[in-house]
Amino acid sequence: MARVKLPENGCSEDELFSQMTENHKGDANWKDGRTWSMVYNSGEKIMEVVKRAYLEFMVENGLGPTTYPSLRRFETEVISMTAHLLGGDEAVVGTMTSGGTESILMAVKTARDLASESRGIKLGEGEILMPSSAHPAFCKAAHYLGLHAIQVPVGEDLRADVQAMEHAITDKTVMMVGSAPGYPHGVVDPIEALSRIAHERNIWFHTDACLGGFLLPFVRKLGYPVPAFDFSLPGVTSVSADVHKYGFAAKGASTVLYRDEKYRHHQFYVTADWSGGIYATPALAGARTGGSIAGAWAVLNFLGEEGYLDLARRMMTSTKQLIAGINGIEGLSVLGEPEMTVFAFGSDTVNVYALAEALHDRKWHVERQHLPPSLHMMVSPEHDTVVDEFLADLIISTDQVRHLDASEIKGLAAMYGMMGTMPDRHAATEFVRNALSQLYNV
Ligand SMILES: *Cc1c(COP(=O)(O)O)cnc(C)c1O
C-alpha cells in the first residue's frame, strides 16, 4: 500500500483548489436536488448567511465561553430559542453539541449517572428501552457507556408499540426513548402514552427530536396534524434537536435540552486536579469551532418563525406530491403515515435495491434501508424544483426493474438484499466492519 506522505513543499493555492474542485465533481450532487439524504438544502441565500457567520467565528474556540462571550451568548440563545420552540418553560436548560449523536450520548450519560446516584444502578447493569426504529446513536451510547440497549419491535403502523414497551420495563431501566419522528419511516412515536408510563414509574424519558425538532412545530402551525412530543408533556425529561438538520445550520450544531437544571448538572465534566488548571466542559468535545455555534445562531435569527414556516410549507407541498406520486406507481407504496417530510417506500413486487441502482444511473441518490427493504426520502426546500422530474424517472426506473428475477439482481443491490436477510447478525456486522476498514485505508 503506497502511503500518501506530507509533501515536502506546499503547492500553490491555485493548484490546491483546482485539485479539490476536481475531486468535488465525483460527489453526490445536492445542489441540483439529486440527493434525498445527507444534505438539507435551503437554497443559496440562506446558505450564504450561514457560511458567512461560520467563517466569521471559525477560529474562535467554544471551549472558552469566558474568553469568547460572543459564543456564550450565541449558544445560550440557541438553547433558549430551541427550548421555547419545544414547549419548554423557564426551567428548561441545555447545551449545544456537535450533532445528534453527541446530544444523545450526553442525554444517555446524564440519565445513567442520575440512575446510579439515585437508584444505585451499577455500571454494566442499566438498560435503555427503545423502539427498534430509534436511531443507532442510542445503541452506540449504550455500547460506550456500559448500558444494555433493549430494542422493542415497532407495531404494524411502524410506531413504538406502547404495550410492548411497557412490558419490557425492568427495575434496571434508566431511560425510555421515543422519536419525533424516527429516521427510517418518518413517523412520530406515541410520545404522550410512552412518557406517561415513564413518568408513573419515575423513569427518565427522552424524546429524540433530532430530525423533527426544528420542523414539527412549524408543520403543526401550518395545520397538519402533529401529536404532542415535547416538553408540553410532563413526562418528557430530555429532548435532542439538531439545528444542522431542519434548522438549516452548518453541520456540527445540535442541542440537548433538560426539563430542569437538576438533570443537566449530571452532564457536566469537571476536574480540578490538572496542572493545566481547572478543566470543565459541558459536553463531550474539548476544543470546538465557534463556526457551528455562530452559524446556528445566525440562521435562527435570519429566518425567524416566518422564514421557517415558509420553508416548511414548501417542503410539505413537495412531500405530499411525492407521496401521492409514489403511491400512484403500480407496485410501490409509502410505508406508514409519516407526519412530516421524511418517509420511505417499499414494494412487494419490485426489488427496491435494483430500483435504487436504476435511479442511480439517472443520477438520483436515495438511501437504501432494510428490515423491511425500502428506499428513504428526506425532502428539503429546494427539492420543489425536481419533484416532477424525479417522479417521471421513478416511473421509468420502476418499469426497468419490474420484471427482474432474483438471479438478475447483481452488485450493490444483491449485497443489500443479502445483508438484510443474513440470519447471523454478528456475521453481518463483521462483514460491514471489514468493509469499513477497506474504505478508510488509502
Ligand atoms: C440524524 C439523527 C440522529 C443522529 O444525528 P447526527 O447529527 O447524525 O449525529 C439521531 N436521531 C435521529 C432521529 C436522526 O435523524
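Mind checking which residues of region 30-71 are among the aliphatic types (A, V, I, L, M) and in a loop (DSSP other than H, G, I, E, B)? Steps first, answer last, please.
Of all residues in region 30-71, those among the aliphatic types (A, V, I, L, M) come to 38-39, 46-47, 49-50, 53, 55, 58-59, 63, 71.
Listed by number, the residues that qualify are Met38, Val39, Met58, Val59, Leu63.
Residues in region 92-99: is at least one part of a loop (DSSP other than H, G, I, E, B), surrounded by 19 or more Cβ atoms within 10 Å (Cβ to Cβ), away from the ligand (no atom under 16 Å from the Cβ) and within 24 Å of the chain's Cα centre (by Cα)?
Filtering region 92-99 for residues part of a loop (DSSP other than H, G, I, E, B) gives 92, 98-99.
Next cut, surrounded by 19 or more Cβ atoms within 10 Å (Cβ to Cβ) only: 92, 98-99.
Still in the list and also away from the ligand (no atom under 16 Å from the Cβ): 92.
If we keep only those that are within 24 Å of the chain's Cα centre (by Cα) too, we end up with 92.
Within region 92-99 (the criterion being part of a loop (DSSP other than H, G, I, E, B), surrounded by 19 or more Cβ atoms within 10 Å (Cβ to Cβ), away from the ligand (no atom under 16 Å from the Cβ) and within 24 Å of the chain's Cα centre (by Cα)), the answer is yes, since at least one residue qualifies.
Give the residues of region 408-426 that are loosely packed, with under 11 Cβ neighbours inside 10 Å and either more than 18 Å from Pro136 (Cβ to Cβ) or of a type in the set (D, E, K, R) (or both), sorted by residue number. Full working, then the answer.
Narrowing region 408-426 to residues loosely packed, with under 11 Cβ neighbours inside 10 Å: 411, 423-426.
Matches in region 408-426: Gly411, Pro423, Asp424, Arg425.
Counting only residues that are of a type in the set (Val, Ile, Thr) and under 24 Å from the mean Cα position of the chain (by Cα), how many does region 57-79 have?
So the answer is 3.
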Screening Glu200, Glu261, Glu192, Glu166 for residues that are away from the ligand (no atom under 14 Å from the Cβ), charged (D, E, K, R), in contact with a Leu (Cβ under 6 Å, 6 or more places away or on another chain) and under 21 Å from Ala111 (Cα atoms) leaves only Glu192
For region 5-25, does any single residue satisfy the condition of being touching a residue at least 24 places away in the same chain (Cβ under 8 Å), assigned to a loop (DSSP other than H, G, I, E, B) and of a type in the set (Asp, Glu)?
-> no
Here the qualifying pairs (Cβ atoms under 6 Å; residues six or more apart or on different chains; first in region 160-173 and surrounded by fewer than 19 Cβ atoms within 10 Å (Cβ to Cβ); second acidic (Asp, Glu)) come out as Lys172/Glu125; Lys172/Glu127
What pairs come up if the first residue lies in region 421-433 and is among the small types (Gly, Ala, Ser), the second is part of a helix (DSSP H, G or I) and surrounded by 10 or more Cβ atoms within 10 Å (Cβ to Cβ), and their beta carbons are under 7 Å apart, counting only those six or more places apart or on different chains?
-> Ala428/Met419
Kindly indicate the residue of region 100-137 that is touching a residue at least 12 places away in the same chain (Cβ under 8 Å) and of a type in the set (S, T, N, Q) and also surrounded by the most Cβ atoms within 10 Å (Cβ to Cβ) among those meeting that condition.
-> Ser103
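Each reported figure results from applying straightforward, stated rules to the coordinates on display, with no laboratory input. What you see is a predicted model; the values in this text were computed from it and never measured. Positions of Cβ are generated from backbone atoms using ideal geometry, with glycine treated the same way; all protein chains shown enter the neighbour counts.
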